[in-house]
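Quick notes on the structure that follows.
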Amino acid sequence: MRIAMIGAGYVGLVSGSCFSDFGHEVVCVDNNSDKISALNSGKSPIFEPGLDALIQRNVDAGRLAFTKDLHAAVASAEVVFIAVGTPSRRGDGHADISFVEQAAKDIAAAMDGFTVVVNKSTVPVGTGDTVEKIIRAIRPDADFAVVSNPEFLREGAAIEDFKRPDRIVVGSDDERALAVMREVYRPLYLNKAPLVEMSRASAELAKYAGNAFLATKIAFINEIADVCERVDANVQDIARAIGLDKRIGKKFLNPGPGYGGSCFPKDTRALLQTAEDVERPLHIVEAVVSSNEKRKSAMGRKIVNAVGGDVRGKRIAILGLTFKPNTDDMRESPAIAIISTLQHGGAQIAAYDPEGMEQARNWLDDVEYCDSPYAAVERADAVAIVTEWDELRALDLARVKECLADNVLVDLRNIYDREEIEMLGIKYIGIGQ
């Protein structure tokens, strides 16, 4: 099928590249000339494992192209995906759908023949209705249908998630549109990936509900970890015990410094605003958002306490800056609040991250960025592991000890064994232990 993807950001790039790998003809549209040039040469502007090779393969095969010409891309497409950003609106937490609305206007002016317009951006309930009204106002005679098809991609594993999804959610009551969407996803459907059809409003809400539930699991196990530290229990043993219960499941029960990234913080806030608008407050989600925000700064104070309660003039090494491994995304990363808390206490920060340091410079000032974890640890009074990159899971601990000025390791991801660390003469502080 001929597909136009409006937006060549994270979701648009991964989705468009994967669709082209299925054999569809895909044109991704973006208004950034430098980005388009780089993409047409096979180079992704974001870090995502395997994405560069996927883009290059399909550009070379002639199935994937990138352009600024929205009109031409949409006019020749059978399916047009909207994959633009929906950031939190400044001041109230609502999702800003202005980019979606503009995309709808542009699509209306360009589409030719029956067109399925698909919202792949994460949008509040009712956005599909808004898109339909915009298009209908501009093109009263147009033959089209608006569908909701939310994405469920994890940064760092997005290609695998797209090609082997747990489910594909499609929201529409238009049978022609549903038939088109079944064809778009036919390669996955043959591999038994469940295509779940529902109303447009249900599909829009499903994305927010899913992310809110996962955020709740993270906040829950983090609070259990806090209790464990007071009663001499081990949160990892508890997480394993409850995770083996099939009703609960083991995923998202890893204690840490709190969730971040482009989805969970934004989506939980947007869901709260939707609930407030319809006068049905979500008290559980409110508690999750509040708990997570407090958690990030609390982890900074945990590091302060580990070095005796005062970090003024002390050098603290921070290993891992991105909100999770295998991405360069710094948005709402716990590292930002942790470092800010330490700097407020007078600490000097030396940091290392395999992929995130260039982005981190946009978020953090007065940080010494180092070219290796050992350079960051050199002469440090303490080292804190904030992001569980594979590279940081196998540090030469004897070398770490030699580099440290004071032997303190704060492991905010519980990736090391306490006994192994303490046998080296290093003070170990984990989570929930």
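Which of the residues that make up the range 397-415 are outside any loop (DSSP other than H, G, I, E, B) and out of contact with any Leu (no Cβ under 8 Å at 6 or more places or on another chain)?
399, 402, 403, 408, 409, 410, 411
Among the residues of the range 364-383, write down those that are closer than 19 Å to residue 326 by Cα and touching a Lys or Arg at 6+ places or on another chain (Cβ under 9 Å).
Answer for the range 364-383, where residues must be closer than 19 Å to residue 326 by Cα and touching a Lys or Arg at 6+ places or on another chain (Cβ under 9 Å): just 369.
In the range 156-180, the residues that are more than 28 Å from residue 51 (Cα to Cα) reach residues that are of a type in the set (Ser, Thr, Tyr) and surrounded by 13 or more Cβ atoms within 10 Å (Cβ to Cβ) with C-beta atoms within less than 6 angstrom, at least six apart or across chains, in these pairs: 178/172. Residues in the range 240-299 that are of a type in the set (A, V, I, L, M) and part of a loop (DSSP other than H, G, I, E, B) were compared, and the one that is farthest from residue 205 (Cα to Cα) is 244. Would you please list the contacts, defined by Cβ atoms under 6 Å and residues six or more apart or on different chains, that run from a residue in the range 92-119 that is over 13 Å from residue 147 (Cβ atoms) to a residue that is polar (S, T, N, Q) and surrounded by fewer than 18 Cβ atoms within 10 Å (Cβ to Cβ)? Between residues of the range 92-119 that are over 13 Å from residue 147 (Cβ atoms) and residues that are polar (S, T, N, Q) and surrounded by fewer than 18 Cβ atoms within 10 Å (Cβ to Cβ), the close pairs are 93/273; 94/273.
Of the residues making up the range 219-239, those that are over 19 Å from the mean Cα position of the chain (by Cα) and either among the aliphatic types (A, V, I, L, M) or outside any helix (DSSP H, G or I) (or both) are 221, 224, 225, 227, 231, 232, 233, 234, 235, 238, 239. Selection within the range 54-78: residues that are touching a helix residue (DSSP H, G or I) at 6+ places or on another chain (Cβ under 6 Å) and aliphatic (A, V, I, L, M). The member of this set that is surrounded by the fewest Cβ atoms within 10 Å (Cβ to Cβ) is 75. For residue 343, the test of being surrounded by fewer than 19 Cβ atoms within 10 Å (Cβ to Cβ), of a type in the set (S, T, N, Q) and either in contact with an Asp or Glu (Cβ under 9 Å, 6 or more places away or on another chain) or in the same structural domain as residue 157 (by TED's automatic domain parsing) (or both) is passed.
The values are calculated or read from the model by the stated rules, or taken from the named source; none is laboratory data. Keep in mind it's a predicted model, so treat the numbers as computed, not measured. Reconstructed Cβ throughout: ideal geometry from the backbone, glycine too, with neighbour counts over all protein chains shown.
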